[in-house]
Amino acid sequence: MKFILCNSVSSDVIDKWTQQLLEGRHRHDVLEGYLREIEEDERIDSVGYGGFPNILGEMELDASFMNGDNRVVGAVAAVKNFLPVRIARQLMEKGPHALLVGAGAERFARDCDLLPEPTLFPAQYEKWGLRVGPPTGSRSGPSASRIFGCDTGAASPGWLSRASKAISTAWASALESWFLRGRKRGFCFAAKAN
C-alpha cells in the first residue's frame, strides 16, 4: 500500500505526487519534491515562502526528514536563507548530526552545494509591517507584551510512524507574524510505501 498523508494546504499538488509514488518513484524523492512545491508556493501562508515572518520580520523555517526503515532523521531549524526541506533530507542522508540550527544549518546547506533562495514573499512582509512592524526607531521590534499582553508559548506537533518502510517529514514557519524569534508551530506530512 502506498499513500501520502497531508493537510489541506497541499491539496492542489497531492494528486501529481501521489501518482509519482504509485509509479515507483522513491518515496524520499516524492516527498522532497512534493514539499518543495508547497514551500515555494506564495499562496500558502502557513509554511515556506508564503509563510509569515517572526515578530522581528525575519523568516525562520524548520524541517525534518526521516527514513522510516532505520529511523534516521535530519532536522534543521531557524533557517533564514533557504527553504529547508532539502537541507533536512541532505542531513538525514549524510549526517553526522540529527539537528542543525541557524547558521550551522545554512553552512551545511552551502557545503551540500545548495544555493540561498528567497524565503519571504514580499506581500507577507508588508502584512507584518502593517500588523506588527517595529515602532519607529526600534531596532528590536515590538515586545511580546505589546502584541499579546503576556508571555507566549508555541508547541510543534511531532509524528513518528511505527509502520515498516515509512517516512515522515515536517516543516514549519510561523502561522502568525507575531511569533517570538525561534518559536514555531509545525505541520507533519507522511508517506508510506510497502
For a quick check of your reading of the model, give me the residue pairs whose first member lies in the range 110-130 and is more than 16 Å from residue 83 (Cβ to Cβ), whose second is in a loop (DSSP other than H, G, I, E, B), with beta-carbon atoms closer than 6 Å and at least 6 apart or on different chains.
128/53; 128/57; 128/177
Can you tell me which residue among 76, 30, 72 is touching a helix residue (DSSP H, G or I) at 6+ places or on another chain (Cβ under 7 Å), of a type in the set (A, V, I, L, M, F, W, C) and within 22 Å of residue 103 (Cα to Cα)?
76
For the range 46-95, which positions are closer than 15 Å to residue 29 by Cβ and among the aromatic types (Phe, Trp, Tyr)?
65
Would you kindly identify the strands (runs of 3 or more DSSP E) lying entirely within the range 1-88 that contain at least 1 residues that are modelled with pLDDT of 85 or more and surrounded by fewer than 16 Cβ atoms within 10 Å (Cβ to Cβ)?
72-79
Search the range 112-123 for residues being among the hydrophobic types (A, V, I, L, M, F, W, C) and modelled with pLDDT of 95 or more, and hand back the single one that is farthest from residue 57 (Cα to Cα).
112
Taking the range 69-86 only, how many residues are farther than 16 Å from residue 59 by Cα and under 15 Å from the mean Cα position of the chain (by Cα)?
4
How many residues, within the range 50-107, are in contact with a strand residue (DSSP E or B) (Cβ under 6 Å, 6 or more places away or on another chain), of a type in the set (A, V, I, L, M, F, W, C), touching a residue at least 60 places away in the same chain (Cβ under 8 Å) and closer than 27 Å to residue 130 by Cβ?
3
Condition (residue is aromatic (Phe, Trp, Tyr), at pLDDT 85 or above and either surrounded by fewer than 11 Cβ atoms within 10 Å (Cβ to Cβ) or in a loop (DSSP other than H, G, I, E, B) (or both)) applied to the range 124-142: is it met by at least one residue?
no
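The values are calculated or read from the model by the stated rules, or taken from the named source; none is laboratory data. Because the structure is predicted, anything quoted here is derived from the model rather than measured. As a convention, Cβ positions derive from the backbone with ideal geometry for all residues, glycine included, and neighbour counts pool all protein chains shown.
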